[in-house]
Amino acid sequence: GSVSIEEFTARFGLVGNADNLLENFRRKLGGRFKTMRHAFRDTDANHSGTVDKEELRRILDRFNLLLTIDNPTYDELWDALDRDKSGSIDYEEFVDKFAGQAGNVVTQYGNEGKKVEARKTHTAAGTRAHTVSALSDEGTACYAQMDFASAEHKYREALKLDPNHVVSLCSLAWLLRTQKRDVSSL
């Protein structure tokens, strides 16, 4: 069978939510660019040193993230990114939103000595949301190390705690899909 874009986005909570859009954009940037500086330079199409609303719209479109949002949601996302309300996003604002503050990155080393960095969560330690996000981040680190069995285990553990955790659902679906396994049980 097939699933329409509306059914898929509704199932994974991707419709009409600036927070979900921001998290998905963060993941896409992290998967595509080696450093935040490279991501910023690519987003800043006119090389002005800042990202304007149209440049952000273009990269969201390139990552197929505009399919799931309306203009008010896009405006809400822009307001969250443009902290100083200057009408543009400078490098500091960009890094703050997409990489987190200094000290918010966990560095792990895989079985081949490959360095993998994962963003720590911004939720209070000891809370259920912190545990779910931490498990999802660990799954992402395992996936980057090509330890697919551990990644799947971490995503499934996160989903036991929060069956609707969008990042874990999408990550697990992607992992299963790349291994040509059935995703219909999600």
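Tabulated results
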{"quantity": "Among (1) part of a loop (DSSP other than H, G, I, E, B); (2) hydrophobic (A, V, I, L, M, F, W, C); (3) modelled with pLDDT of 90 or more, the one test that LEU186 misses", "calculated": "(3)"}
{"quantity": "Hey, LYS34 at pLDDT 90 or above and either within 17 Å of LYS97 (Cα to Cα) or exposed (fewer than 12 other Cβ atoms within 10 Å of the Cβ) (or both) or not", "calculated": "no"}
{"quantity": "Hits in the range 49-69 - residues which are in contact (Cβ under 8 Å) with a residue 12 or more places away in the chain and more than 17 Å from the chain's Cα centre (by Cα)", "calculated": "GLY49, THR50, VAL51, ASP52, LYS53, GLU55, ARG58"}
{"quantity": "Matching residues, the range 23-41, being among the hydrophobic types (A, V, I, L, M, F, W, C) and assigned to a helix (DSSP H, G or I)", "calculated": "PHE25, LEU29, MET36, ALA39, PHE40"}
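The values are calculated or read from the model by the stated rules, or taken from the named source; none is laboratory data. Model, not experiment: these values are computed from the prediction. Neighbour counts are summed over all protein chains in view; Cβ atoms, including those assigned to glycine, are modelled from backbone coordinates with ideal geometry.
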